[in-house]
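Okay, structure first, notes after.
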Amino acid sequence: MHSLLPACVIGDVTFENFAVARLPSLLRYAIVLTGNRDLAQDVVQEVLARAQVKWKRISEADSPEAYVRRMVLNEYLSWRRSWAARNVHAVGERLVELDDARGGIGDHANHVVEADELWNRLAVLGRKQRAVLVLRYYEQLDDDQIADLLGCSPATVRSNASRALKTLRLSSDRPNRIPVEEKS
Amino acid sequence: MIEHRDQLREAMVAHEHLAPEPAAVYARVQELAKTYRRRRLVAQTASGAVLGVAVIAGAFQIPHLVGGQNNGGSTVVLPAAPSTPSAAPSPVPAEPSVEPSYDDPEFTDAEEKARNKYFDEGYGLDDGEKLAKIWKTDITAAKTRAGQMLLDGKKLPIKPPVAPPGLPSTAQEAQAEAFFDKGYDFDDAERLARLWKLPTPWDAKVAAGKKIMAGETLPIQP
């Protein structure tokens, strides 16, 4: 079927091949990074549209995927648009409700509620701090790699991570349970 | 530390299912790319683009047809895209051979300004779709036109967005960000809240950020 696809063919990798294989993963990355479905969609759309237009150049990168993921990160960090209207967690999307719908009970339900609470608390972080946590714990990069991506020193990465963990009440000198009443 | 890693990773992975539908996103990507191409005057074969969308959209639907996973009814997982760890960020080279660039002339300064105004006013993708239908343009053009109208003080033919109650304004977010960028953290916000007798650390962050942005110093050091 690929012979029927439009241009953008570079070597063995077409933009379409790339999109089919990696778009779901990029969208998961974007939702974790932004915490908001609409924003994740906007960020990935903008990035992939640019990527498609200059696919020749991107496909020449050592790793087109790493390149595009980096574009997603930069787009998120440089997003100058309104967060107030976007930073909303749709009630119907809350994990606890999904779990209820599936009939989850007991420890598993508690586990889900905790993950849901932590996810909501991630929304209070600044973009850089959230990005550091996502890169460190979701992308599983080390601090040197994160520093390279963010264009800062590893010490700054550690500082951002430390502040973020404190904000989330996850620093080592604090209990791991998250106080539900804390909102900021 | 290990516990934090597990907790955070679990919370993040558990919410991957909130990701938008790939097929819908891909269709929009094609639409946007078309606009960008036109703007950049890049000669590119347009034939087959529609077929491409259909083929790709079909490819995204295949897992449904063959019984692939569907987490929470929202995320299609393709065999080629392992769900976690998503990144497998093939170690990003210290000096990538190609650097991402955001200075492409997709938008003129005036267009960029208009688009920023559009988003700063709280309008989003859905609004862009409505406007595009009303004006019979593509979404990108609709957002830009709407932004220019907002800059000119004109009203748009759709309802203005309503910020959900309880959410911080953009200005407050900027102030809170200034607070963190200066090196202060949550503990400092708690201290300031006590010092200034503010109801929450969030209020302290906003008040402190405002002072920082005005060049004033705070009563405590980060």
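The numbers here are math on the coordinates, done by the rules we state, and not lab data. Worth saying up front: this structure is predicted, and the values here are computed from it rather than measured. Please note: Cβ atoms are built from the backbone with ideal geometry, for glycine as well, and neighbour counts cover all protein chains shown.
A few remarks follow.
- Residue by residue, the range A:138-147 carries 3J(HN,Hα) couplings of 8, 7, 6, 8, 8, 5, 5, 5, 5, 4 Hz when phi is fed to the Karplus relation 6.51 cos²θ - 1.76 cosθ + 1.60 (θ = phi - 60°); x denotes Gly or Pro.
- Extension gain, residue B:159 to residue B:112: 0.36 nm times the residue separation minus the Cα-Cα distance gives 14.7 nm.
- Residue order, fewest to most beta carbons within 10 Å, for A:78, A:59, A:153, A:25: A:78, A:153, A:59, A:25
- Separation of the alpha carbons by more than 28 angstrom is noted, of B:34/B:117; A:166/B:197; B:117/B:197, for B:117/B:197.
- Rounded to the nearest whole Hz, the Karplus-based 3J(HN,Hα) values (6.51 cos²θ - 1.76 cosθ + 1.60, θ = phi - 60°) of the range A:123-136 follow the sequence 5, 7, 6, x, 4, 5, 5, 5, 4, 4, 5, 5, 5, 6, with x at glycine and proline.
- Of the residues B:126, B:152, the one with the fewest other Cβ atoms within 10 Å heads the list, and the complete ranking is B:152, B:126.
- Shielding value for A:38-46 is 6, the average number of Cβ atoms from other chains within 10 Å of each residue's Cβ.
- Normalised by 2.2 N^0.38 Å, where N counts its residues, the alpha-carbon radius of gyration of the range A:13-78 equals 1.02.
- Per-residue HN-Hα couplings for the range A:68-75 [Karplus 6.51, -1.76, 1.60; θ = phi - 60°; Hz; x = Gly/Pro]: 5, 4, 5, 4, 4, 4, 5, 4
- Among B:149, A:71, B:12, a tally of other beta-carbon atoms within 10 Å of each Cβ gives an order, fewest to most, of B:149, A:71, B:12.
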